[in-house]
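Participant: Sharing a structure with you now.
Only the coordinates and a few stated rules stand behind these numbers; no lab work does. Computed from a prediction, not measured in an experiment: that's the story for all the values here. For neighbour counting, all protein chains shown are included, and Cβ atoms are generated from backbone atoms with ideal geometry for every residue, glycine included.
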Amino acid sequence: MSTTPPIAIVEEIPNDRQRRRGERTTHIRGSRPGFIVYAVLTVVFISAAFPLWWSFIIGSGDASSLRERPWWPGGNFLDNALAVVSNPAVNFWAALWNSIYSSFLIAASVVITSTLAGWAFAKLRFLGGPALLAFVVATMAVPQQLGVVPLYILFSDLGWTGTIGAIIVPALTSAFGVFWMTQYLRQAVPNELIEAARVDGASMIRTFWTVGVPAARPAAAMLFLFIFVGAWNNFFWPFIVLDRQNPTLPVALSLLQSNYFVDYSIVLAGVVLATIPLLLLFIFAGRQLVSGIMAGAVKG
Amino acid sequence: MRTSRRTIAATIAGAATLALVVTGCSAGGDTSNEKVTLTLATFNDFGYTDELLAEFTAETGIEVIHNKAATSNDARANYFQKLGNSGLADVEAVEIDWFTEAMQYSDLLEPVAADIKGRWLDWKEAAATDAAGNLIAYGTDIGPQGICYRSDLFAAAGLPTDRAEVATLFDGDWDNFFTIGAQYTAATGKPFIDSANSVLQGIVNQYELAYENPDGSIIATTNPDIEAAYKAVVEKAIPISAYSGQWSEDWFASMASGEFAAMLCPGWMLGVISGNAPDIKGWDIADAFPGGGGNWGGSYLTVPKNGAHVKEASELAAWLTSPETQLKAFANAGTFPSQVEALASDELAGATNEYFNNAPTGEILTDRANAITVATFKGPKYFQFHDALQNAVTRVFDGLEDEQTSWNNWVTEVSAF
Amino acid sequence: MSTASLKSPKSVRVISFSHRMSRWDLKLSPYLYISPFFLMFLVVGLFPIIFTAVISFQDWDLVRGSGKFVGFDQYIWILQQPHFWTALRNTFSIFLLSTIPQLALAIFIAAMLDRNIRAKTFWRMGVLLPFVVAPVAVGLIFNVVFADNFGLINGFLTDIGLPAIQWHKEPFWSHVAIATMVNYRWTGYNTLILLASMQAVNREYYEAATVDGAGPFRQFLYITLPSLRPTLIFVVITATIGGLQIFDEPRVFDQFGRGGAGQQWLTITLYLYDIGWGQWNFGRAAAMAWILFVIILLIGLLNLLITRTLVRDEGSRIAKPSRRARKELSR
């Protein structure tokens, strides 16, 4: 990948020169976008935020709200939220804590193993590399609906059923994560940087630390977020392998439902509560999407 | 600095994972010999409140932890995943829908003590007795059906509204039922009954044999009764039904809106109606059922043999399904007793339901339960066959296929089972 | 052009210890890097896959945990089922209806978000909201929207005099509804993947191209897209794999979760699940999983080839100078 711009470097700020000459100024890409962009983004945002907003509306109503379909929230959200949190069958705080730390550990582990493996597949040449990568990607194509059966046998034999470890261990690695970091690092890390570091005498691991890890930051943040959310919302495996006394959040909240009659205002209040920690994570991950992260490293 | 933060995070993650792995290894249970704690697993609402279970603890000193799955389907997946392994609760509830599958593994369930046999209605017990003669499940509730109706909508169509008169009206066979329904639909232009497939189950549940013989052979496609049931439903029930099946979003919505005037009502349906249509005033229930009597639904409690406290678990199951306890559960959740003594009790006779116009539901449902003469034999694949037949009815209802094509497709489909 | 090519003219070949170490470092360390992933994968990832393969040749009983070897019988049974071919048709239909609009929309929105907008985090993370709200809520919403009689869309259509759409009866419309649910859930996800990669593109290229007079669209075609090639390959492959395995959305589309009375929206994974967890025939379900695997491999390879040819190599990502700029340069 070439690092120098292919056109002759302009020394002055182009707009400035043009302005002095009285010409129409061109917009540099870094300048603020116009109204249309914001309009499009607003439409996108409204449609994206709608489920959460709607959940809040119904969650602040009562049992008949789902049928009546009001447009504005009622006043019952705190009452309903309290009903969720204090419901003895739901075990809310234990479930919340279990979900938080299990999702965190899973996401952290996936990011670490995927970044390491992705670095190797993307930037290091070794025997069997392409074949192994193809194998990893191919494993994603095997449907997972039956996976619960052998996993349960395995964990039951180990005596780990009912523990959060049984949720964490099967999810510590992700083929998706490896594939993602591989493709991202392929694209985002110029080979010249690595060669420069190697010429400076850095070992492989040092190169990884000083070049790979910083470059991987945005992708790692996204991966962390996706894996965290996936682990957070996972239902079937935790349902099978955990006790009701020691659940994760989706399993606990599912107890608010039943076959015959469901008070959806309570259920959706629970949904809103379960989404709040994820929103906090959004803020952290979003800040990692920084542009030009490698620009400074490449200059000169 | 970036690198040090990453290092710290990595170390924490690694250490914590290790710690959890170690904890996982040493996870066991409470191994004290003094206090036994049992786990009870149910779904939906069996009426086993914490107060009720506390009574058991007071009597026997055994603690009970009550786990509830949200839906019967979740409970079923959980049950069969663990039945051959470990991890089931000490007492597990099984719904009639998947009970026939559980019967295939009756050797893995602890038989009921001989001294409480005869406690339940004979057909309820017979369904839970395996080929070797072991009774391997404790009956909880049954679903005797009456006819729920909207007296206001009946009045508008010129039909009687008084409970006794409606009962006389429907006291007959299915053809009588269809005729009255057709009258209603002609008079008002609206559907009479909520769903065609509820009629299908009503009819099929009155046959001795449905899709399989007790010896295991399949008679689904050759049984003339099944074909007759299909024809009756398609030709006579579909024109007067609002929907093909139940439990859809639309179906719940129309319970409140007056789209249909009557439903086949087992005891557990009463709570569904009152819960989903709280503002409607006209619902009532009549002591009648086409063809006499019919049962829809019901559950059992089972005690897996590989549990840690089988003896105590059997005690709990026996206690929960005793006539006295079942009556209390009925008061809590409307689960109608299957125990003979409970059916004869005064408490049951005196039970009324305010939502349903203060109908004496205890009396009505007891009458309906006593009217049940036939308990259909259900083999392990019963619900596969039945679901496929319901799909066939739905295809005709939706206009996708005509009567004969849909039947032929059903025959092809089930021949491959 | 790279600095690394400037080596001292005559380097003496001394094989020092550190040099030897660095040679081993070069050879072995890749394997060390991939080993954390592979070690854990071998235990918890590979085991279920092998298990699925083994029981696909058996008539397997879940409860007793035992099975009888039946060779390819399960595979043959599946290929003879009309439902399988219906499910295949449905799967492809939903796949096309969902993947193509989703990716197009994701690229478009990511390009919007790549700009220097105010309140970046807010806009960017907002698109992911559909992905994080619990499936039960999203399922509820879409059931309200797509209900045949009392649904929002049909209510609107009948209000303006158009006939209602039979979402739960017609196969095509059920696919549209399900594809809408899928797109809704996953577009934001793909948008952020593409955005993360777009952020890694050096801003100087864009500045230089702007100076040259290339507009945003040209810049997008000639700078952004080629730089994104590895990510686009990633997105296409994961979207293919995911799209052919769509399960959750068809499952919650009606109250039974079995793909419709006439199998109108039965997908392969839903059929697989019904045979495994509904009929308890895990041997057959496993065989279906492997048939689907082969199908996914084939389609995945096809899509990979298409993407590789469509998205040109980095070599041609240089924005062609406009005529005015060329005149300036040659002045």
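Participant: For chain A, what is the mean residue ellipticity at 222 nm derived from helices alone (per DSSP H run of n ≥ 4: -39500 (n - 2.57); sum divided by total residues; nearest 500 deg cm²/dmol)?
Facilitator: The helix-only estimate for chain A comes to -20000 deg cm²/dmol at 222 nm.
Participant: Shifting gears a bit: Most exposed first by the Cβ proxy, i.e. fewest other Cβ within 10 Å, how do C:Leu103, A:Leu268, A:Leu154, C:Leu266 rank?
Facilitator: If I rank by nearby Cβ atoms, fewest first, I get A:Leu154, C:Leu103, C:Leu266, A:Leu268.
Participant: With no solvent and one equal point scatterer placed on each C-alpha of the range A:118-241, evaluate the Debye formula and give log10 I(q)/I(0) for q = 0.13, 0.19 Å⁻¹, two decimals.
Facilitator: Ignoring solvent entirely, the Cα scatterers give -0.68, -1.07.
Participant: Right, another one. Using θ = phi - 60° and the Karplus curve 6.51 cos²θ - 1.76 cosθ + 1.60, what whole-Hz ³J(HN,Hα) does each residue of the range B:303-317 get, with Gly and Pro shown as x?
Facilitator: With the stated coefficients, the range B:303-317 comes to 10, x, 5, 8, x, 7, 10, 5, 5, 5, 5, 4, 4, 5, 4 Hz.
Participant: Something else: For the Cα atoms of chain A, what angle does the longest principal axis make with the long axis of helix A:148-158, in degrees from 0 to 90, nearest 10?
Facilitator: 80 degrees
Participant: Going by how many other Cβ atoms sit within 10 Å of their own, how do C:Val144, A:Val90 line up, fewest first?
Facilitator: Sorted ascending by nearby Cβ count, the order is C:Val144, A:Val90.
Participant: Which whole number gives the average count of other chain Cβ atoms within 10 Å of the Cβ atoms across peptide A:250-256?
Facilitator: Mean partner shielding for this stretch: 3.
Participant: Moving to a separate point now. Test of understanding: given chain A, find the longest segment containing no trypsin sites (Lys or Arg not before Pro) that are in a DSSP loop and have at most 12 other Cβ atoms within 10 Å.
Facilitator: A:126-298
Participant: Then there's this: Rounding to the nearest 20 debye, state how big the charge dipole of chain A is about its Cα centre with +1 on each Lys and Arg Cβ and -1 on each Asp and Glu Cβ.
Facilitator: I would put it at about 1080 debye.
Participant: Reachable aspartates and glutamates from C:Lys169, Cα under 18 Å, same-chain residues fewer than 8 places away excluded?
Facilitator: Once the sequence-local aspartates and glutamates are set aside, what remains near C:Lys169 is B:Glu249, B:Asp250, B:Asp387, B:Asp398, B:Glu401, B:Asp402, B:Glu403, C:Asp148, C:Glu249, C:Asp254.
Participant: Given 0.36 nm per residue, what is the gain on full extension from C:Ser35 to C:Leu96 after removing their alpha carbon distance, in nm?
Facilitator: Difference between extended and current length: 18.3 nm.
Participant: Here is a further query. Summing +1 for each Lys or Arg and -1 for each Asp or Glu, what net charge is found among the other residues whose Cβ lies under 12 Å from the Cβ of B:Leu209?
Facilitator: -3
Participant: Moving to a separate point now. Quick one: order A:Val189, B:Val340 by neighbouring beta-carbon count within 10 Å, fewest to most.
Facilitator: B:Val340, A:Val189
Participant: Could you tell me the largest-minus-smallest coordinate of the C-alpha atoms of the range C:127-216 on each of the three principal axes, in descending order and whole angstroms?
Facilitator: 57, 31, 22
Participant: What FRET efficiency comes out for the pair B:Asn332/A:Leu78, r = Cβ-Cβ distance, R0 = 25 Å, nearest 0.05?
Facilitator: About 0.30, to the nearest 0.05.
Participant: Which loop-located GluC sites (Glu not before Pro) does the range B:341-417 contain, where loop means any DSSP state but H, G, I, E or B and the Cβ has at most 14 other Cβ atoms within 10 Å?
Facilitator: The qualifying sites are B:Glu354.
Participant: Out of residues 5 or more away from B:Gly298 or on other chains, whose amide H comes under 5 Å of its own, with H placed 1.01 Å from N in the peptide plane?
Facilitator: Residues meeting the criterion, in which the H sits 1.01 Å from N, are B:Ile96.
Participant: Give the cross-link partners of B:Lys117 among the aspartates and glutamates, using a straight C-alpha distance below 17 Å as the criterion and excluding same-chain residues fewer than 8 apart.
Facilitator: B:Glu125, B:Asp130, B:Asp141, B:Glu315, B:Glu324, B:Glu341
Participant: Suppose every Lys and Arg Cβ carries +1 and every Asp and Glu Cβ carries -1, with no other charges. What dipole size does the range A:118-241 come out with about its Cα centre, to the nearest 20 debye?
Facilitator: So the dipole magnitude of the range A:118-241 works out to roughly 200 debye.
Participant: What spacing in nm lies between the two simple spin-label points modelled at B:Gln246 and B:Asn176, each 7 Å away from Cα in the Cβ direction?
Facilitator: Using points 7 Å along Cα→Cβ, the separation is 2.3 nm.
Participant: Tell me what chain B gives for mean residue ellipticity at 222 nm when only DSSP H runs of n ≥ 4 count, each as -39,500 (n - 2.57), the sum divided by the residue total, rounded to 500 deg cm²/dmol.
Facilitator: Helices in chain B give a 222 nm mean residue ellipticity of -14000 deg cm²/dmol.
Participant: Of B:Lys124/B:Lys378; B:Lys35/B:Lys311; A:Lys123/C:Lys27; B:Lys124/B:Lys305, which sit over 19 Å apart, Cα to Cα?
Facilitator: B:Lys124/B:Lys305
Participant: Could you calculate the FRET efficiency of C:Leu157 with A:Glu68 from 1/(1 + (r/R0)^6), where r is the beta carbon distance between them and R0 is 25 Å, rounded to 0.05?
Facilitator: 0.75
Participant: Moving to a separate point now. If r is the Cβ-Cβ distance from C:Thr309 to A:Trp53 and R0 is 30 Å, what FRET efficiency results, to the nearest 0.05?
Facilitator: Working from the Cβ atoms, E equals 0.10.
Participant: Long-range amide H contacts for B:Ile147: which residues qualify at under 5 Å (H placed 1.01 Å from N, peptide plane, sequence gap of 5 or more or a different chain)?
Facilitator: B:Cys265, B:Ala286, B:Ala288
Participant: Another question about this same structure. So if I place +1 on the C-beta of Lys and Arg and -1 on the C-beta of Asp and Glu, and nothing else carries charge, what would the dipole magnitude of the range C:64-185 be about its Cα centre? I want it in debye, nearest 20.
Facilitator: It works out to roughly 480 debye.
Participant: Could you let me know the centre-to-centre spacing of the range B:144-170 and the range A:42-120, using Cα atoms, in angstrom?
Facilitator: Value for the Cα centre distance between the two parts: 46 Å.
Participant: Could you work out [θ]222 nm for chain C from helices alone, using -39500 (n - 2.57) per DSSP H run of at least four and dividing by all its residues? Round to the nearest 500 deg cm²/dmol.
Facilitator: Rounded to the nearest 500, it is -20000 deg cm²/dmol.
Participant: Same structure, new question: Compute the semi-axes of the equivalent ellipsoid of the range A:167-300, taking the square root of 5 times each eigenvalue of the Cα gyration tensor, and list them largest first in whole Å.
Facilitator: Those come to 42, 17, 10 Å.
Participant: Restricting attention to the alpha-carbon atoms of the protein assembly as shown, what are Rg (one decimal) and Dmax (integer), both in Å?
Facilitator: Computed over the Cα atoms of the protein assembly as shown, radius of gyration and Dmax are 32.4, 113 Å.
Participant: I've got another one for you. From the phi angles alone, apply the Karplus equation (6.51, -1.76, 1.60; θ = phi - 60°) to the range B:272-287 and give each ³J(HN,Hα) in whole Hz, x where the residue is Gly or Pro.
Facilitator: Each residue's phi maps through the Karplus curve to give 5, 5, 5, x, 8, 10, x, 8, 7, 9, x, 6, 8, 9, 10, 7 Hz.
Participant: Residue farthest toward the positive end of the dipole of the protein assembly as shown, with Cβ of Lys/Arg at +1 and Asp/Glu at -1: which of B:Ser217, C:Val54, A:Ser64?
Facilitator: Of the candidates, C:Val54 comes out farthest on the positive side.
Participant: I've got another one for you. Toward the positive end of the charge dipole of the range B:74-186, about the Cα centre and with charges on Cβ (Lys, Arg +1; Asp, Glu -1), which of B:Tyr105, B:Leu159, B:Gly139 goes farthest?
Facilitator: Working it through, the farthest residue towards the positive pole turns out to be B:Leu159.
Participant: What list of ³J(HN,Hα) couplings, whole Hz, do you get for the range C:20-26 from phi and the Karplus terms 6.51, -1.76, 1.60, once you set θ to phi - 60° and write x for glycine and proline?
Facilitator: Result, rounded to whole Hz: 4, 4, 5, 5, 5, 3, 5.
Participant: On to the next question. What is the angle, in °, between the Cα long axis of helix B:174-188 and the longest principal axis of the Cα atoms in chain B? Nearest 10 is fine, range 0 to 90.
Facilitator: 70 degrees
Participant: Please give the average number of partner chain Cβ atoms lying within 10 Å of the Cβ of each residue in B:267-279, rounded to a whole number.
Facilitator: Mean shielding count: 2.
Participant: Where Rh denotes the Kirkwood radius from the mean inverse Cα pair distance, what is Rg over Rh for chain A?
Facilitator: Result: Rg/Rh = 1.08.
Participant: Moving on. If I model chain B as equal point scatterers sitting on the Cα atoms and use the Debye formula, what is log10 I(q)/I(0) at q = 0.06, 0.07, 0.08 Å⁻¹?
Facilitator: Evaluating at q = 0.06, 0.07, 0.08 Å⁻¹ gives log10 I(q)/I(0) of -0.29, -0.39, -0.50.
Participant: Give the residue from B:Tyr300, B:Tyr230, B:Gln246 lying farthest towards the positive end of the charge dipole for the range B:210-334; charges sit on Cβ (+1 for Lys and Arg, -1 for Asp and Glu) and the dipole is referred to the Cα centre.
Facilitator: B:Tyr300
Participant: If you don't mind, another one. What nm distance separates the two modelled labels at A:Arg206 and C:Lys68, each placed 7 Å from Cα along Cα→Cβ?
Facilitator: Distance between label points: 6.7 nm.
Participant: Using only the Cα atoms of the range B:130-250, what are the Rg and Dmax in Å?
Facilitator: According to the Cα coordinates of the range B:130-250, Rg and Dmax are 17.6, 56 Å.
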